[in-house]
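Read the figures in this text as sums done on the coordinates, not as results from a lab. Keep in mind that what you see is a predicted model, and the values were worked out from it rather than measured. Quick reminder, even Gly has a Cβ in these numbers, built from the backbone with ideal geometry, and neighbours come from all protein chains shown.
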Amino acid sequence: MKKFEFTIRGNKYQVRVKDIEDNLATIEVNGSQYEVEIHQEVKKAKTPRLVRKEVQRQPGEGFITKKSTGGAAKVLAPLPGNIFKVLVGAGDAVKKGDVLLVMEAMKMENNVLAEKEGTIASVKVSVGDAVLQNDVLIEME
């Protein structure tokens, strides 16, 4: 957008050139918008002009809703790897941050921690199992 200041017959005008397409220009003069015709040789633009429709949002789109999970919480594998150690069993009480198991991934040992306090309902893996990302490792109540 280009800005200009003109003085015509002693009056000052603030002019903004918003858009020029072919020989038509959209300009704003002191806050009022006008379409004007340009009387000169029209040069073709080398860059194609992309025209898109305005995005129409669907009802409820763009809002994140947290699902309430009743029952067992699932501990998922953070990345693909092998189970190296299982440190808990069914019925064990755990606190947030406790190490539940150790898995080997990318030649490193990774601790899988409890995300909340609870009781272990079931352990779905055993030592030596290969798991993929987001596989269920442990279910907690």
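Think of the chain as a dipole: +1 on every Lys or Arg Cβ, -1 on every Asp or Glu Cβ, centred on the Cα centre; then among L113, P48, Q33, Q33 lies furthest on the positive end. Mean sequence separation of contacting Cα pairs (under 8 Å, at least six apart), scaled by the length of the chain, corresponds to a relative contact order of 18 percent. Between L113 and L100, the built amide H atoms are under 5 Å apart, and every one of these is 5 or more places off in sequence or on another chain. Among the listed pairs K2/K46; K3/K53; K12/K53, give every one whose C-alpha distance is greater than 31 Å. Violating the 31 Å Cα-Cα cut-off are K12/K53. Shown is the FRET efficiency for N30 and Q56, computed with R0 = 30 Å from the Cβ-Cβ distance and rounded to the nearest 0.05: 0.35. A value for P(r) over Cα pairs in 10 Å bins from 0, in percent was derived from the coordinates, and within the list [x] 12, 39, 29, 15, 5, 0; [y] 10, 32, 30, 22, 6, 0; [z] 10, 23, 13, 8, 7, 10, 17, 10, 2, 0 it appears as [z].
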